[in-house]
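K.L.:
My questions will all concern the structure given below.
The values are calculated or read from the model by the stated rules, or taken from the named source; none is laboratory data. These numbers were taken from a predicted model, which means no experiment stands behind them. Cβ atoms come from the backbone with ideal geometry, glycine included; neighbour counts cover every protein chain shown.
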Amino acid sequence: MGFISYIKEEIQIIRERDPAIKSNMEVFLYPSFKAIIGYRISHYLFVRKHYFLARWYSQRMVRKTGIEIHPGAVIGKGLFIDHGNGVIIGETAVVGDNVTLYQGVTLGGTGKEQGKRHPTIEDNVMISAGAKVLGSFTVGENSKIGAGSVVLSEVPPNSTVVGVPGRVVKRDNVKVPREELDQVHLPDPVLNDISSLQREVERLKARLQRLEGGEEEKGAVCSREEG
């Protein structure tokens, strides 16, 4: 694909996924567009072992966009970074096709690993605002990571992850539709657990009250018999 064709494709991707963009010219002002084009250039330099130039150009793009993508990362087609400020993608991260990242997302390492230190994000994954994915594991295709989640372990395909640490909430292995870019209406397993505990406490309280009531009635009967 020629560079002009690639630019047109990136413009189309951003316009499809961000309704706030009203014209092609606006895309050129978009931080995501600048960051991805900058990444492609720095990655080109990186794979040809021009490491200093790659990092120099990459750091220039960080200052301009607030998005830090290491030139060594491997990124597929159709990456969309919405707003993007604070997004970090580490050196050994692998990002598949049609992935969506929101502001504040980190694809980072734990600081304890060697070699492959960053996550692999498969195709059609959505990672919501502020989520942190840390470690050299895989987030399976068509999955969603809820806002503010901290993911520290493998995520199966077609899953939703929420919480700190992140917990996988399977959706009967039904594929998550690409148009379902909803960061808010996600399952909350912690809230579900709390609700379950509350119901159990109410059940035990009701049982205790019945037992206490039975003991009082029995005591009253004994008192009348003694009288």
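K.L.:
Of the residues ASN98, ASN85, ASN24, which single one is over 28 Å from GLY146 (Cα atoms) and either outside the structural domain of LEU152 (by TED's automatic domain parsing) or not aromatic (Phe, Trp, Tyr) (or both)?
P.N.:
From the options ASN98, ASN85, ASN24, the qualifying one is ASN24.
K.L.:
Taking the stretch 77-106, which residues are in contact with a His (Cβ under 9 Å, 6 or more places away or on another chain) and either of a type in the set (Asp, Glu) or assigned to a strand (DSSP E or B) (or both)?
P.N.:
ILE88, ILE89, GLU91, VAL94, TYR102
K.L.:
If you don't mind, another one. Which members of the stretch 14-38 meet the condition of being crowded, with 19+ Cβ neighbours inside 10 Å, free of Cβ contacts under 8 Å to residues at least 40 places away in the same chain and closer than 18 Å to ASP97 by Cβ?
P.N.:
PHE33
K.L.:
Can you tell me which of ILE69, ILE11, ILE75 is surrounded by 15 or more Cβ atoms within 10 Å (Cβ to Cβ), touching a helix residue (DSSP H, G or I) at 6+ places or on another chain (Cβ under 6 Å), touching a residue at least 12 places away in the same chain (Cβ under 8 Å) and within 23 Å of ALA147 (Cβ to Cβ)? Steps first, answer last, please.
P.N.:
Details: ILE11 fails: within 23 Å of ALA147 (Cβ to Cβ); ILE75 fails: touching a helix residue (DSSP H, G or I) at 6+ places or on another chain (Cβ under 6 Å).
Only one candidate passes the filter, namely ILE69.
K.L.:
In this structure, is LYS49 at positive phi and of a type in the set (D, E, K, R)?
P.N.:
Spelling it out, LYS49 is indeed at positive phi and of a type in the set (D, E, K, R).
K.L.:
To continue, here is another question. Mind checking which residues of the stretch 115-136 are closer than 18 Å to PRO71 by Cα and assigned to a loop (DSSP other than H, G, I, E, B)? Break it down stepwise before answering.
P.N.:
Start the filter on the stretch 115-136 by keeping residues that are closer than 18 Å to PRO71 by Cα, which leaves 115-121, 136.
Residues satisfying the conditions are GLY115, LYS116, ARG117, HIS118, PRO119, SER136.
K.L.:
So SER159 ticks every box in (1) under 25 Å from GLU91 (Cβ atoms); (2) of a type in the set (Gly, Ala, Ser); (3) modelled with pLDDT of 90 or more; (4) under 13 Å from the mean Cα position of the chain (by Cα) but one. Which box is left unticked?
P.N.:
The number of the failed condition is (1).
K.L.:
A further question on this structure: For the stretch 45-71, how many residues are touching a Lys or Arg at 6+ places or on another chain (Cβ under 7 Å) and modelled with pLDDT of 95 or more?
P.N.:
Residues meeting the conditions: 1.
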